[in-house]
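Below is one structure, written out as structure tokens; comments come after it.
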Amino acid sequence: NAGVTQTPKFQVLKTGQSMTLQCAQDMNHEYMSWYRQDPGMGLRLIHYSVGAGITDQGEVPNGYNVSRSTTEDFPLRLLSAAPSQTSVYFCASNDGSAGSTEAFFGQGTRLTVV
Amino acid sequence: GENVEQHPSTLSVQEGDSAVIKCTYSDSASNYFPWYKQELGKGPQLIIDIRSNVGEKKDQRIAVTLNKTAKHFSLHITETQPEDSAVYFCAAGALDAGTASKLTFGTGTRLQVTL
């Protein structure tokens, strides 16, 4: 029972490099989202998806792209990394059915941009 | 958009004492208020939540209260234990499709329970 799996756990990038943070869930959840966590700022929503083929922007979407081609996967792409994107990134999912509200989080990806 | 403020940022209590963490929110449309616990190196985990149609909810040593009029909600932990040491986040959202995908989080409270 893996839940929400994020890879990699740690990553160091140079400014301007691109990369994709992977997120996969095996709970058949419709809803998935990406947050970034910075010291003193809590978790801020980057992008979210309410189902395959549907994505929308959250509070801090600039510099990030997402796509949702399958129910299981929701990758987050950094096209040109900047030091301001140094953060811990969390992926979350929930099944979205009536009365089901719990969001399940992955273990996070710690990204450093130098 | 929604704005959630959380206090205090750090809290140290002795084992067995109670701990209270308070949050305020700004958007009257928010009607779902979860609390998450984050242990070192792990993702946040839901510990309790409350919807706006109730004023209080309890689960063993944990309780949450909600005052819709004042737009604030609080987490109460009684008989604290060392394993309660963690960072706690409050959040607010609107209960519609995908609500847990669109939560606004507070800035977190680091709780330390000392022996």
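All of the numbers you see were taken from the coordinates with simple rules; none came from a lab. The model shown is predicted, which means the values in this text are computed figures rather than measured ones. Backbone-built Cβ (ideal geometry, glycine too); neighbour counts: all protein chains shown.
Report Rg (one decimal) and Dmax (nearest whole number) for chain B, counting Cα atoms only, units Å.
Using the Cα atoms of chain B, the pair Rg, Dmax is 13.5, 44 Å.
Under 14 Å from the Cβ of A:R68, count the other residues' Cβ atoms, weight Lys and Arg +1, Asp and Glu -1, and hand me the total.
On the way: positive: A:R77; negative: A:E30, A:D56, A:E72, A:D73.
Surrounding charge for A:R68 is -3.
What residues qualify as long-range amide H neighbours of B:L95, i.e. H under 5 Å apart, gap of 5 or more or another chain, H built at 1.01 Å from N?
Answer set, sorted by chain and number: B:N31, B:Y32.
If you count, for each residue, the other Cβ atoms within 10 Å and average over each peptide, how do A:70-76, B:76-82 line up from highest to lowest?
Details: A:70-76: 17.7, B:76-82: 15.6.
Ranked from most to least packed, the peptides come out as A:70-76, B:76-82.
How big is the protein assembly as shown on each of its three principal axes, counting only the C-alpha atoms and giving the largest first in Å?
Extents along the principal axes, in whole Å: 49, 38, 35.
For the pair B:L95 and A:M27, how long in nm is the line joining their label points, each one 7 Å along Cα→Cβ?
For the pair B:L95/A:M27, the computed spacing is 1.9 nm.
Please work out the Cα center distance from the range B:53-115 to the range A:14-39, rounded to the nearest Å.
The range B:53-115 and the range A:14-39 have Cα centres separated by 24 Å.
Report relative contact order for chain A in percent, whole number only (criteria: Cα-Cα under 8 Å, sequence separation at least 6). Each step should come with its number before you reach the end.
Working: 298 pairs, mean separation 40.5, N = 114.
36 percent.
Run the dipole for the range A:1-69 about the Cα centre, Lys and Arg Cβ at +1, Asp and Glu Cβ at -1, nothing else charged, and hand back the magnitude in debye, nearest 20.
Numbers: 5 positive and 5 negative charges, 54 e Å.
The dipole magnitude comes to about 260 debye.
Quick check on the exposure proxy: order A:R44, A:R36 from fewest to most C-beta atoms within 10 angstrom. Walk me through the intermediate numbers first.
Working: A:R44 16, A:R36 24.
Result, fewest neighbours first: A:R44, A:R36.
Taking a label point 7 Å from the Cα of B:Q45 along the Cα→Cβ vector, which residues of the range A:8-41 have an amide N closer than 12 Å to it?
none
For the pair B:T69/A:D73, report the inter-label distance in nm, with labels modelled 7 Å from Cα in the Cβ direction.
It is 5.3 nm.
Pairs of Cα atoms under 8 Å, at least six residues apart: use those to get the relative contact order of chain B, whole percent.
Details: 282 pairs, mean separation 42.1, N = 115.
The normalised contact order for chain B reaches 37 percent.
Below 17 Å, Cα to Cα, which aspartates and glutamates can B:K22 reach? Residues fewer than 8 away in the same chain don't count.
Within the straight-line cut-off, B:K22 pairs with B:E2, B:E5, B:D49, B:E56, B:D84.
Restricting things to Cα coordinates, could you compute the convex hull volume per residue of the range A:59-114 in Å³? Don't skip to the answer; put the middle values down first.
Working: hull volume 5.6 nm³, N = 56.
Taking only Cα atoms, the range A:59-114 has a hull volume of 100 Å³ per residue.
In angstroms, what radius of gyration and Dmax does the range A:25-100 have, counting Cα atoms only?
That works out to 12.7, 40 Å for Rg and Dmax.
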